[in-house]
Structures are given as structure tokens and as C-alpha cells.
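The values are calculated or read from the model by the stated rules, or taken from the named source; none is laboratory data. Computed from a predicted structure; not experimentally measured. Backbone-built Cβ (ideal geometry, glycine too); neighbour counts: all protein chains shown. Note: accessible area is taken over every heavy atom of the protein model, side chains too, but ligands, DNA and RNA are not part of it. Shrake-Rupley method; radii C 1.70, N 1.55, O 1.52, S 1.80 Å.
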Amino acid sequence: MDKGKKALSKQSLRDYSREELIGLMSEMGEKPFRGRQLFEWIHGRQAGGFEEMTNLSLALRDRLEERFSVAGVTVEEKQVSAAGDTAKYLFSLPDGHVIESVWMKYRHGNSVCISSQAGCRMGCQFCASTLTGLERNLTAGEMLSQVYEIQKETGERVSNVIVMGMGEPLDNYDNLVKFIRILSDEKGLGMSQRSITVSTCGLTEQMRRLMKERLPITLAVSLHAPNDEIRRKIMPVAKKYPIEDIFQACREYFEATGRRITFEYSMIRGVNDRTEHARELAERCKGLNCHINLIPLNEVKERDCLRSRAPDIEDFKLVLEKYGRNVTIRREMGSDIDAACGQLRRKFLNRAGKKPEEVKL
Ligand code: SAH
């Protein structure tokens, strides 16, 4: 077997929690502290290979090298916005799938938006990520690697992570929770869980499971409609999860975690952007501690949804404010670099001749 193929078949230790590394070391006849050392190399210092791990014996490094890698993701393409405050990365995974991540520089720190799956099976009508369905879940290590690579590439610390790129994070639940725990481990990057946001299209069973983990992360819920009738037209997942159940789960989430919910609402011309929709939304949010983020739709070539007109977005916001709701319009960053979900990858796949297919839930 050549070296490349062998590396492909080896499991990456980036996917291992600290406990799993300690377990592995004892299985290999080593002391538990070796597991902690490995964790620090892999997640604290983001070592690129076992050869860097100089406080481990050469013999142990060789034995690890035989069976494992510390591989993550590889930069395939990078686009930087004209203003220099946003960069979009196209990464390849060891098995050849491609995913994307976005780096955003703000005055208060740097954010990275990561993907949780290669593709997506949720089928939202306006989204590019779902055009070819779900390829596979990302491992915890592949999610972490997007943050590690971007930090290495930019030479700047990442202070916030948002799981809002390609994929539905709650459809990859176990890997997501493992990712959050490793990312916030003080021997890893040590990111505050309060600086992590997870965005879901509203899978209520998993939202309820997540609140039991008692992680003080921010939960963002993609609402995009004030009622089930409109929601079902644009989000197939709404047929399974009624909006009232989503609101009930959000109320429970706030009760359990004390964390304010964010609602995302992408503004689609003639579909969900009338002032009566804003009134209905405002009524629904009554009594819930939430923030509404209006997102001017990023038009996707393969989809026929159009962006709402700017004055309609402003009017929508005014109505919500009149009802006393917290609302912002998402500042557009990097629209010159295909920053909308899945668009850079879509171009890459188009070049590779991979055609969109119908997605069924
Ligand atoms: N699956 C998760 C996270 C991924 S998408 C979720 O549904 O929340 C992140 C956000 O961008 C979601 O609110 C999604 O609905 C929205 N989105 C996807 N494509 C978009 C587009 N073309 N324009 C505007 N928002 C979009």
C-alpha cells in the first residue's frame, strides 16, 4: 500500500476525546498521562504529525504512526473579500468530499462558521447546501480541524465558532456534542461555550436532548416563516416538526439553560416578507426571550427564490420593533465571495460535473 492510501485508511486521533486517548494509551500498555499528553499535542498545539510530539518516546510515536493519523482537513481554495474582513475556505476531507467554512473578522474578535456535514438532507428550498443531498456526517475532528486550519492560516485567534455552515448539526448529534466539548476543553483551544452558536432547522427531539447536556451555548433556530403553511412550502422539515412544537422546545430550552434563543429569518421576496407576516411572527414570540435575525436572502443560481426588497426588510423590522421584539438585519459580509451557504462548494462540484438531484426527506 502506498503512503497516501495507508494514511486514508488510518483513523485520525483528532476524533478522540481525552478519555478515549487515555483508554487507547492503556490499551497500548502506556500510562494514562500519555493520553493527556497526546490530547495536548493534538488539540492544544494542533500538531500536524506524531513526529512533532517530542515528549513521547520514538517507539511510541512509531507505534501510533502505524495505526493512526492526526489528519483533518486540507485547504483546496480560499477567497478573500475585497474588504479583507471575510475569507471563505473550501476544504477537502481525507476521503475526497469537500466542505466550506467562513472566517469573519469583527472588531470584537474573529468568528468562524463551520460545516457539520458534507451536504445536507433537509432540503430547504432556498439553500445551496442541500442540492446534492447528504454525503456524510463530519467527525468531531473534521469540525475541529476547520477551526484549527483557519487559525493557522490567518495567524489569528478564533474567539467565536458558529455551526451554521453546510449541514444540519442536530442531524449529526453525537459528533456535534463531542466537538463542543473538545473545543471548550481547557487543554484544547479552551473556547468559552458561550462563544459557540449552533444553528438548527428545528429538529425538536434533538433540541430537547441538547438542553439536557446543559451546555451554555447559543441555540439559533431557522424559522423563516411565521406559520406552518409558509414554512412547509420552503422547508420540507416543517412537515415533521410543527412551528408550535418548535416554540415549545425553545421555551423549554430557555428554561433549562437561561440562554436567549436566536431566530433566523431569511427574507424571501413575496413568500415570507409581508408586514402581516411580521405581525404574526411578533405575536408568536410573545413571552419568549429571543432575538430575531433577519437575513436578506442570498440568491442561489439553482433555486428560484429571490431576495426581498430592502424597504420591505426595513418595514418588517419596524413592525417587529413596534411589538418590542429584539431584531437585527444581518450585516452582509463577503457577498462578493460566494459567502452564502454551500455556494463555493456548489461551484466546485459543478466544475467536477456533479449535478444537483432532487432531495426527499
Ligand atoms: N441546518 C442549519 C444550519 C445551516 S444554514 C439550519 O438550518 O439552521 C445557516 C442558516 O442560513 C440557516 O438559517 C439557513 O436556513 C440559512 N440559509 C441557507 N441558505 C441561505 C440563503 N441562500 N440565503 C440566506 N440564508 C440561507
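Here is how the numbers come out for the structure above:
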{"item": "Spatial separation of Cα centroids for the range 229-274 and the range 122-176, in angstrom", "result": "21"}
{"item": "Qualifying aspartates and glutamates (Cα of each under 15 Å from Cα of K239; at least 8 residues distant if same chain)", "result": "E205, D228, E229"}
{"item": "Helix 18-27 vs. the chain, principal-axis angle (Cα, 0 to 90°, nearest 10)", "result": "30"}
{"item": "Set of aspartates and glutamates near K322 by C-alpha distance (under 17 Å), chain-local residues within fewer than 8 positions excluded", "result": "D273, E276, E280, E283, D312, E314"}
{"item": "K233-R45 FRET efficiency (beta carbon distance; Förster radius 30 Å; 0.05 resolution)", "result": "0.05"}
{"item": "DSSP beta bridge pairing in the chain, given as percent antiparallel to the nearest 5", "result": "45"}
{"item": "Debye intensity ratio I(q)/I(0), log10, the range 111-239, q values 0.21 Å⁻¹ (C-alpha model)", "result": "-1.25"}
{"item": "Computed accessible area, E19, all protein chains, 1.4 angstrom probe, square angstrom", "result": "130"}
{"item": "Gain in span if fully extended, E156 to E299, counting 0.36 nm per residue against the direct Cα distance", "result": "48.4 nm"}
{"item": "Calculated log₁₀ intensity ratio I(q)/I(0) where the Debye formula runs over C-alpha points of the chain, q = 0.08, 0.09 Å⁻¹", "result": "-0.41, -0.52"}
{"item": "Carbon and sulfur %, accessible surface of the chain computed with the full protein complex present, 1.4 Å", "result": "47"}
{"item": "Global geometry of the range 1-157, whether rounded, prolate or oblate, following the gyration tensor of its Cα atoms and the 1.5 cut on a/c", "result": "prolate"}
{"item": "Förster-model FRET efficiency, 22 Å R0, Y323 and A83, C-beta, rounded to 0.05", "result": "0.05"}
{"item": "Per residue, in Å², the accessible surface of the chain once ligands and nucleic acids are set aside, probe 1.4 Å", "result": "45"}
{"item": "DSSP beta bridges in the range 75-216 [antiparallel fraction, %, rounded to 5]", "result": "75"}
{"item": "Subset of K105/K152; K240/K317; K152/K187 violating a 21 Å alpha-carbon distance limit", "result": "K240/K317"}
{"item": "Solvent accessible area, Å² - R36, 1.4 Å probe, full protein context", "result": "110"}
{"item": "Probe 1.4 Å - accessible area at S81, Å² to nearest ten", "result": "10"}
{"item": "E244/M28 FRET efficiency (R0 56 Å; Cβ-Cβ; nearest 0.05)", "result": "0.60"}
